[in-house]
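Worksheet: the structure to be examined is printed underneath.
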Amino acid sequence: MVNWRDVWERKGRVEVDSYDLETLIALDGFDVGLGKLGGSQFRQLAAMIVRTLGLAPGARLLEVGCGAGALLACLLGFDVELLGLDYAESLIEHARRAVPKAVFEVAEATAVPFTADAIVCHSVFQYFPDLSYARRALAAFQRAAPVALILDVPDLATRDAAEEARAAAGSKPGEHLYYPRSFFATGEVWTHELQSYAQAPFRFNALLRFE
Ligand SMILES: C[S@@+](CC[C@H](N)C(=O)[O-])C[C@H]1O[C@@H](n2cnc3c(N)ncnc32)[C@H](O)[C@@H]1O
């Protein structure tokens, strides 16, 4: 089994020349293989997040698993207060320099040290060790905010096709955790719709309102 925490910690242990969006996207792991995403797709995601959550001006938005802050950098243009957490200290150090207006903590998804008006969690649940950990993360989200938007979750119903596509793109098998849509049964679930994202057919999003 992959020790994802070490992988992400190592990923952040690099010097970078600038904190432009492409650099942040690469630090966050979207520069290779099937998971490749570009700046315009990140900006589309940011707009979709604000629209879907219906955030009021000045709302506190927490990104769980924010990495080096690629998504938070795209959210800077919106009238929201930004918070971020990630368990990889090396990535949080980059995020602090890249998005100085946001407030960051090094923490696990199961121990959220903030309260917020909403949580967004993009492309993180696949790295959790098991469904029990994911359940504890959702309980922590519920304690921290009234609503959580969880994006880019591997869909168990498409696992074979997803693993085949990932293998063709050079990834090792069995590295990601897949979820039945019923895991998020208390929320609204829909297929990832981001244009030209190669993993979109194998991923879904979930909007959970806790109140
Ligand atoms: C693919 S990156 C996505 C980063 C960011 N959400 C984005 O969209 O640019 C996954 C991130 O999730 C973080 N992560 C994975 N599992 C985590 C956990 N259990 N607790 C906190 N962070 C976690 C990793 O350290 C990494 O920064």
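Just so it is clear, none of the values below were taken in a lab; they were calculated from the coordinates. Here the structure is a predicted model, which is why all the values come from computation and not from measurement. Positions of Cβ are backbone-derived with ideal geometry, glycine not excepted, and every protein chain shown enters the neighbour counts.
Computed values, structure above
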read-out	value
Unmet requirement for Arg43, which otherwise passes all of (1) in contact with a Cys (Cβ under 7 Å, 6 or more places away or on another chain); (2) of a type in the set (D, E, K, R); (3) within 12 Å of the ligand (Cβ to nearest atom)	(3)
Cβ pairs under 6 Å, 6+ apart, first in segment 75-87 and under 13 Å from Val106 (Cβ atoms), second among the aliphatic types (A, V, I, L, M) and assigned to a helix (DSSP H, G or I)	Gly84/Leu72; Gly84/Ala95; Asp86/Ile92
Tally, over segment 130-182, of residues that are of a type in the set (A, V, I, L, M, F, W, C), in a helix (DSSP H, G or I) and either under 19 Å from Met1 (Cα atoms) or within 16 Å of the ligand (Cβ to nearest atom) (or both)	11
Residue match in segment 17-38 (condition: part of a loop (DSSP other than H, G, I, E, B), within 8 Å of the ligand (Cβ to nearest atom) and among the hydroxyl-bearing types (Ser, Thr, Tyr))	no
In segment 94-133, residue nearest to the chain's Cα centre (by Cα) [restricted to those that are surrounded by fewer than 22 Cβ atoms within 10 Å (Cβ to Cβ) and of a type in the set (Ser, Thr, Tyr)]	Tyr127
